[in-house]
Amino acid sequence: MHVYRTASRARQRGLSFIGVIFIGLIAVAAFAIGGQSIPIFLEYQAIQKAAAKAAKEGSTVPDVRSIFDKAAAIDDISSIQGKDLEVTKRGDKVVVSFKYSREIALAGPAYLVYRFEESTK
């Protein structure tokens with residue numbers, strides 16, 4: 001009978017308590033970082049949209065910056081302003097470029113840094 005018990009324990013599979021705790025900590029960290037990252041990517045998409053609108057509608061550098069600032073006020077963009085845009089012309093097209101970074105504090109001196117760089121086409 002004792003041999004039967006040992007054999008059944010050897011066939012058992014699953015996670016130990018330490019394994020469950022470890023996976024739980026990883027899941028909590030992933031949700032915490034993801035929860036802070038999603039607004040950053042949503043803002044990046046809003047910046048792309050505002051830059052494309054400014055490039056399409058503006059003809060001069062002050063025009064483009066003004067249009068971007070108005071769109072930024074509507075979409076609650078705080079990472080970049082119209083003065084941070086690089087506005088150039090390629091042929092008869094206005095090209096708007098931007099570059100910025102955002103940080104997420106993880107723990108102590110550790111940060112997760114997102115660097116964004118884009119130009120309209």
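In this entry, Ile47 is excluded by the filter for residues that are touching a strand residue (DSSP E or B) at 6+ places or on another chain (Cβ under 7 Å) and modelled with pLDDT under 95. Considered as a group, the residues in region 60-112 that are under 30 Å from Ala30 (Cα atoms) and of a type in the set (Phe, Trp, Tyr) include one that is farthest from the chain's Cα centre (by Cα), and that residue is Phe98. Reported count of residues in region 76-93, each being within 15 Å of Ala52 (Cα to Cα) and surrounded by 15 or more Cβ atoms within 10 Å (Cβ to Cβ), is 5. Hey, does region 92-115 have a residue that's among the hydrophobic types (A, V, I, L, M, F, W, C) and over 27 Å from Ser37 (Cα atoms)? Scanning region 92-115, I find at least one residue that is among the hydrophobic types (A, V, I, L, M, F, W, C) and over 27 Å from Ser37 (Cα atoms), so the answer is yes.
Within region 51-64, if we keep just the residues that are in contact with a strand residue (DSSP E or B) (Cβ under 7 Å, 6 or more places away or on another chain) and surrounded by 17 or more Cβ atoms within 10 Å (Cβ to Cβ), the residue that is farthest from Ile40 (Cα to Cα) turns out to be Gly58. Only one of the numbered conditions (1) over 18 Å from the mean Cα position of the chain (by Cα); (2) of a type outside the set (A, V, I, L, M); (3) surrounded by 15 or more Cβ atoms within 10 Å (Cβ to Cβ) is violated by Phe116, and that is (1).
The values are calculated or read from the model by the stated rules, or taken from the named source; none is laboratory data. It should be emphasised that the depicted structure is a prediction, and the values quoted were computed from it without experimental measurement. Cβ atoms come from the backbone with ideal geometry, glycine included; neighbour counts cover every protein chain shown.
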